[in-house]
1. Relative contact order of the chain, please, whole-number percent, based on alpha carbon pairs below 8 angstrom and at least 6 residues apart.
2. Show that you can apply the helix-only estimate: for the chain, add -39,500 (n - 2.57) for every DSSP H stretch of four or more residues, divide by all residues, and state [θ] at 222 nm to the nearest 500.
3. What order do you get for 43-52, 168-177, 95-104 when each peptide is scored by the mean count of other beta carbon atoms within 10 Å, highest first?
4. Which of MET122, MET146, MET156 ends up with the largest GNM mean-square fluctuation for the chain, with Cα atoms connected below 10 Å?
5. I'm spelling it out carefully: the read-out is Cα extents along the principal axes in Å, the candidates are (i) 56, 39, 33; (ii) 67, 46, 30; (iii) 52, 38, 33, and one was derived from this structure. Which label?
6. Arrange the following residues from fewest to most other Cβ atoms within 10 Å of their Cβ: ARG159, ARG73.
Amino acid sequence: MLTFAPSDYEAITLSAKVAVTATLLSLPFGFLLAYLVTFLSFRGKTILEVFINLPLTLPPVVIGYFLLLLLGRNGLLGGLLEAAGIRIIFTWKAAVIASAVVGFPLLVRSIRIGMESIDRQMINVSRSLGARWHDTLVTVILPLSMRGIIAGSSLMFARSLGEFGATIIVAGNIPGVTQTIPLAIYDYAGSPGNEQVALSLCIVSVVLSLIVLILHEVAGRKLAGSG
C-alpha cells in the first residue's frame, strides 16, 4: 500500500501542475517555430534550428545554471522582473520555465514531423482558391498537424514530469513550494529508512507516464481513424 505524507501529495500535485503549465505555455511557440522551419526559407534558419535543439544536447544542470544567470536578481531579465515586483527564482514558476526549456525541442520536433507529412498540394490548392496564409494555417495546416501536436505535447508533458537537473538549480527543492516528484525522490533516496516512500513515488511517476502514453496512443488512433 502506498502511503504518503502531505508534502508528498503536494509534490505529486505540483509535478502535474508544472507539466501542464509548461506544455500549454510552450504549445503556441512550438507550433510557430515548427511552422517557420518547415514552410519558410530564410537566412539564419540553420542557426535557429540549432538553438531549438540545443537543450537536447546540453546537461539539464547547465540549462538550469544559464537560466539562473538570466533570471537571477543580477541577471539580464531578473533585475527587470525584480524591479517590477515579479519573483521567478525559487518559485514554482521557475520550475515551469525549466521544464519548458528542456522539453521544448521534443515538442517542436514532433510538430515539425507532423507538418512535413502534409501534402503540399493541399496547401497550394487552398492558396489558389484565395485563402490567405493565416486561413490556410488554421484550416489546413493546423488540423493536419494535430497528430504531431498531440505527440509533442505528450512527450513534453512526460519530460516535464521527470525534470530534475534544471529545476533544482533555478527552483530549489523546497517542500510544498517547489518540490516535485523527482526532487522528493532525491530527498528520500538520500535519507536512510525512506526507501519505501521513494519507491512509492517512483511508482506514481511510472503510472502518470503510462497514463500520458496511453492517452497519446488513443488520441493518435482516433485521429488516424478519422483521417
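1. Result for the chain is 30 percent.
2. Details: 11 runs with 166 residues, N = 227.
So the helix-based figure for the chain works out to -24000 deg cm²/dmol.
3. Working: 43-52: 11.5, 168-177: 18.6, 95-104: 26.2.
Going from most to least packed, we get 95-104, 168-177, 43-52.
4. Of MET122, MET146, MET156, the Gaussian network model singles out MET122 as fluctuating most.
5. Given (i) 56, 39, 33; (ii) 67, 46, 30; (iii) 52, 38, 33, the calculated one carries the label (ii).
6. Numbers: ARG159 20, ARG73 11.
Ascending Cβ contact count within 10 Å gives the list ARG73, ARG159.
Since every read-out is calculated from the coordinates, none of them should be taken as a lab result. Treat the numbers as computed from the prediction; the structure is a model and nothing was measured. Positions of Cβ are generated from backbone atoms using ideal geometry, with glycine treated the same way; all protein chains shown enter the neighbour counts.
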